[in-house]
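The values are calculated or read from the model by the stated rules, or taken from the named source; none is laboratory data. Just so we're clear, the structure is a prediction, and the values are computed from it rather than from any experiment. Cβ: placed from backbone, ideal geometry, glycine included. Neighbour counts: every protein chain shown. All accessible areas refer to the heavy atoms of the entire protein, side chains included, with ligands and DNA or RNA removed. Shrake-Rupley method; radii C 1.70, N 1.55, O 1.52, S 1.80 Å.
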2 protein chains.
Amino acid sequence: MTETYVHGYHARENERLQDQAGTLVELLHSDTEYPRGSRVLEAGCGVGAQTITLARRSPHAHFTSIDVSAGSLAEAEQRIERAGFTNVEFRQADIFSLPFEAESFDHVFVCFVLEHLARPVQALQILERLLRPGGTITVIEGDHGSTCFHPDSPAAHAAIECQVALQREAGGNALIGRQLYPLMVEAGFDAVRVSPRMVYADASRPHMVDGFTRKTFTAMIEGVRESAIAAGLIARDSFDAGIRDLHRTTQRDGVFCYTFFKGIGKKPQRPIPGFHPGYETCVHL
Amino acid sequence: MTETYVHGYHARENERLQDQAGTLVELLHSDTEYPRGSRVLEAGCGVGAQTITLARRSPHAHFTSIDVSAGSLAEAEQRIERAGFTNVEFRQADIFSLPFEAESFDHVFVCFVLEHLARPVQALQILERLLRPGGTITVIEGDHGSTCFHPDSPAAHAAIECQVALQREAGGNALIGRQLYPLMVEAGFDAVRVSPRMVYADASRPHMVDGFTRKTFTAMIEGVRESAIAAGLIARDSFDAGIRDLHRTTQRDGVFCYTFFKGIGKKPQRPIPGFHPGYETCVHL
């Protein structure tokens, strides 16, 4: 992974990722469970926000969780140890040069990673090679263009647009969620099925308002304040007005919506040796 | 209902509404079912696109379906008769002057109606009066600001914006879906619970691509072409480019998302006569 990680590697950012995972576990992961004995590669585990949910939900699967950042890996490892899980092995590795043999995993899990890569299809193809035929890949990504809130605010949209622009400049794509289907099909996966997972937060769901609108999404946008101003993308006052308006959506009459996309695809089965349907058709016509 | 109905009353529009209902039935209505013998008011039934689903899913409830348009009502009545349902009574009436006694219904159902009203909270309050204490209201509305697609296209967003602007000029609000929670709370309903219902269409879901992206959403936007151009909102070429780009999302690698919001609320129970908790607290302190 040669791209700059737009969110940074600070302690506060780690907290944000943990908050995000805690609030979203049901919505994103309740239908992910791996069978006893299966070998699962988690590509880009970061600080382990998702790893802990994977390990808990599939206690008899064996996980190999990789990340390019040694600091994040250390954090993830500590977290998994503290929780008492022994079914996760961590390795430092770049997604574009992975130290694994072809077909050495039954399943691959990728969450909030493709958004940071300039070549997402190539990454998916590398991961496909590591899967056994018939193995599955699960990909989860957000999409900042799906953001929808009340009261609506052009200033808030402008602040969000700063994050999208910075991520684009770093080689990533904060609008990648909606593209999962074509990207996974292009990478060669079969039976691709994408489902949207919308976070919906109003005053009747205070955990979502606090955990997602405030501590996850708005905190993430706030996190690019200095870079956005330094890059000349926005004036300080305009950015701050946007953040104020995002916080405004957490009041009693506010509403905030954001959509994640989850895609599952299968590595095609190997063709039966010696069987060439196209050739046979030619012969018999 | 004194506002202009932005979608018009043409035969082709009726077809669109039927297509929309057919494709969306599961997503929007699978959790709406009324008990035997309950009295349900459907406020704004239009051409009966939803009425038929209500009647089918709750065959032992009694529906009273009203609409301001005699033409739409005739169409709805014919449709229900053809389908053989006898549990629906139709009446022509304006939602702001309904010919019913207070507390004469157990449930109220309102679908794609508030978006056309300049005073949605007042309409909800009128409907609340018709409910018995403890009765429920179900409200379903779309939100054009939730539209999200691939390939993304400023031209397509500009064409959609024409529909939003025309609806606003007619006194309505095409972005009302996200506001259901605060509107229903403001109208006085208790225990309001809103859930988003996203239509997600990619090539793996050809019925959604055809039934929703093409025949419902894009057809609806195409339907305002002449009015938008006549109103000077957009140049002919720009509008047509937007429509082309909406159709582009129906190709093999395209994706289209749109979110409806469904809210359910309860009319508060009557306070127990003679019981004044606030007063008692004062006395005993």
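Quick notes on this structure:
- Here the Karplus curve 6.51 cos²θ - 1.76 cosθ + 1.60, taken at θ = phi - 60°, turns the phi angles of the range B:42-55 into couplings of 9, 9, x, 7, x, 8, x, 4, 8, 3, 5, 5, 4, 5 Hz, with x standing for Gly and Pro.
- B from A by rotation - nearest chain A beta carbon to the axis, in Å: A:Met198, 3
- Summarising the strand pairing of the protein assembly as shown, around 55 percent of its internal DSSP beta bridges are antiparallel.
- Charge-dipole axis of chain B as Lys and Arg at +1 and Asp and Glu at -1 on Cβ define it, positive-most pick from B:Leu246, B:Pro133, B:Ala230: B:Pro133
- A P(r) calculated from all alpha carbon pairs of the protein assembly as shown, with 10 Å bins opening at zero, reads 3, 15, 24, 23, 17, 12, 4, 0, 0, 0 percent.
- Helix B:236-248 and the longest principal axis of the Cα set of chain B meet at an angle near 80°.
- Across the range B:61-69, computed HN-Hα scalar couplings (Karplus, 6.51 cos²θ - 1.76 cosθ + 1.60, θ = phi - 60°) run 9, 10, 9, 10, 10, 10, 8, 7, 9 Hz from first to last residue, x flagging Gly and Pro.
- FRET efficiency estimate (nearest 0.05) - Cβ-Cβ, B:Arg129 to B:Arg193, R0 22 angstrom: 0.55
- The mean accessible area for residues of the protein assembly as shown, using a 1.4 Å probe and ignoring ligands and nucleic acids, is 43 Å² per residue.
- Relative contact order (percent, whole number), the range B:206-273, Cα cutoff 8 Å, 6+ residue spacing: 35
- Our coupling estimate for the range B:184-197, obtained by passing each phi through the Karplus curve with A = 6.51, B = -1.76, C = 1.60 and θ = phi - 60°, is 5, 5, 4, 6, x, 6, 9, 6, 5, 9, 10, 10, x, 10 Hz, Gly and Pro reported as x.
- When the inverse distances between all different Cα atoms of the range A:35-182 are averaged and flipped, the Kirkwood radius reads 16.5 angstrom.
- With its label point put 7 Å out from Cα toward Cβ, B:Gln122 sits 6.2 nm from the same residue's point in the other copies, in order from shortest.
- Helix axis angle, A:70-82 relative to chain A longest principal axis, alpha carbon, degrees: 90
- The range B:94-118 versus the range A:185-213: alpha-carbon centroid distance in Å: 33
- Partner shielding of A:253-259 amounts to 5, given as the average count of beta-carbon atoms from other chains within 10 Å of each residue beta-carbon.
- Convex hull volume of the C-alpha atoms in chain A, normalised per residue: 151 Å³.
- Take each residue of peptide A:151-161, count the partner chain Cβ atoms within 10 Å of its Cβ, and average: the result is 1.
- Averaging 1/r over every pair of different alpha carbons in the range B:131-285 and inverting the result gives a Kirkwood radius of 18.1 Å.
- Atom-type composition of the exposed protein surface of the protein assembly as shown places 52 percent of the accessible area on carbon and sulfur (1.4 angstrom probe).
- Cα gyration tensor, the range B:84-168 - rounded (a/c under 1.5), prolate or oblate: prolate
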